[in-house]
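Read-outs: derived from the displayed coordinates by stated rules, not from any lab. Everything numeric here is computed off the predicted structure, so don't read it as measured data. We place every Cβ from the backbone using ideal geometry, glycine too, and count neighbours over all the protein chains shown.
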Amino acid sequence: MSLHRRAFLTAAAVAALRPWRVDAAGWRAGVATVDITPKTSLWMAGFAARTQPAQGTAQPLHAKALAIEDARGRRLVVVTLDLLGVTGAMAARIGTAVRARYQVPRERLLLASSHTHSGPVVDTQLLVAYDVTPRQIADIEAYTAWLEGQIVDVVGAALKALAPATLHAGETTTGFGANRRVQYTPEGPVDHRVPLLRVDVGGTPRAILFSYACHNTTLQASNVEWHGDYAGVAQAAIEAAQPGVTALFMTGCGADINPKPRGTVADVEQHGRALAKAVTGAMGSLPPITGDTRAALEFVELPFEKALSPDEWKQRFGLADPYVARHAQLMDTMRARDGKLPASQPIPLQVWRFGRAITLVALGGEVVVDYALRLRREHPDDHVWPVGYANDVFGYVPSRRVLQEGGYEGGGALLYYGRPGPFDATVEDRIFEALERLLRQTR
């Protein structure tokens, strides 16, 4: 099926066991995949230490869409992406197009990224980190426009493939993630749970959606080939072990968690296969789920503490030129254009309920593990599935603890994302106040 230019889209059209008969639980589902590997050399997102654009492909990158419809005809669509993340502007454009073409409301579309650091820069993301030329910026803009079209089309392909289905949910564990903020808390918190949602059609598994709270950064800045990192390896290994199944990965709240060990292709394979083994080992024992779906989305403003001067960035967070100088130039450009710097950053917060079996809570930004642990602690009966890097990856989202400790996740990394300063002390409270509203709204 030919879509945008030279894109190749595979729609996993799932045949019903009995045509036109809805499953007893009322679910319908469809899944589709598109290759989003750049056809040209672009800057790779994630490591400021890189000194050159991508030089080839070690593993293709994909966008995958899973569409689910309940007995009342209400649809949810999750799109998983082998990308560092989408920007808020991208998500808005994609959401508008999906609503117009397929009548899927914005709160029922989830754009979830694997956060691989071996994918392309998109939109204006992280441009402070790289010495990009005007031509390279134009190439990024062209790829971003093409990518948005591919995402909209893959949503349509998944919706077109809707067929009677059963859903099965549960969780397993894996253990290669380790808290990386050892200078502050040597034995920092982790979340080793791997939530799972299996979709069967005609009694046969057709899709598995899963997540893990760990940075998708086994490969380092020395890698200059497109690669999905451990999440890409895991998805490929699951699909190889389960013919006919599409594996879709979302990153959990693991902004302060790294794979351990990391740095080599062998490490990538080790972690990806460990995750795949955990998922395939648990797939067969997941109980079915029933009920209807509910969805809500809210954007909450997170205030910045203040705009930092170049010297303050250097002294407070130990940052250096050329990044501080590029950031200062960007701030000057923003002041000239808008008359001021932004005082806050909107974060998208999204809640999906699948009957009483799953409460998927998706947060924008690079969310530290404290959020997942608190959500599960305070809502033990909601079967919370926490996801980060969703709908807008604009920078790190620290908890109160991490903000007070400081460091890279506590505010320093926001320089690379082109934000004027670190967040203030109210961030965690604001997020949880909004999440409480959304959880009540969807009950």
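The simple spin-label model puts a point 7 Å past each Cα toward its Cβ; for Glu305 and His192 those points are separated by 3.4 nm.
Please name whichever of Ala142, His115, Val393 sits farthest to the positive end of the charge dipole of the chain, dipole taken about the Cα centre and charges placed at Cβ: Lys and Arg +1, Asp and Glu -1. Positive-end residue among those listed: Ala142. For segment 212-286, a/c is not less than 1.5, where a ≥ b ≥ c are the root eigenvalues of the C-alpha gyration tensor, and a/b tops b/c. That puts it in the prolate class. Peptides 435-443, 227-235 ranked from most to least packed by the mean count of surrounding Cβ atoms within 10 Å: 227-235, 435-443. Over the chain, DSSP H runs of length four or greater, each weighted -39,500 (n - 2.57), average out per residue to a 222 nm ellipticity of -9500 deg cm²/dmol.
A full extension of the chain between Gln329 and Tyr184 corresponds to an added length of 49.0 nm, given 0.36 nm per residue minus the alpha carbon distance. Just checking the listed ones, Pro380, Pro261, Pro38: in the Gaussian network model of the chain with Cα springs under 10 Å, the one fluctuating most is Pro380.
Maximal additional length on extending the Glu433-Asp131 stretch stands at 104.8 nm, based on 0.36 nm per residue less the C-alpha distance. Of the trypsin sites (Lys or Arg not before Pro) found in segment 241-332, no site is in coil according to DSSP while having at most 10 other Cβ atoms within 10 Å of its Cβ.
Please give the residues of segment 275-293, grouped as numeric ranges, whose backbone N is less than 11 Å from a label point set 7 Å along the Cα-to-Cβ vector of Arg72. Flagged as within label range: 292-293. Other residues with beta-carbon under 13 Å from the beta-carbon of Pro261 carry, at +1 per Lys or Arg and -1 per Asp or Glu, a net charge of +1.
Enter the Cα centre distance for the pair segment 318-382 and segment 280-306, rounded to the nearest angstrom. Comparing the Cα centres of segment 318-382 and segment 280-306, I get a distance of 16 Å.
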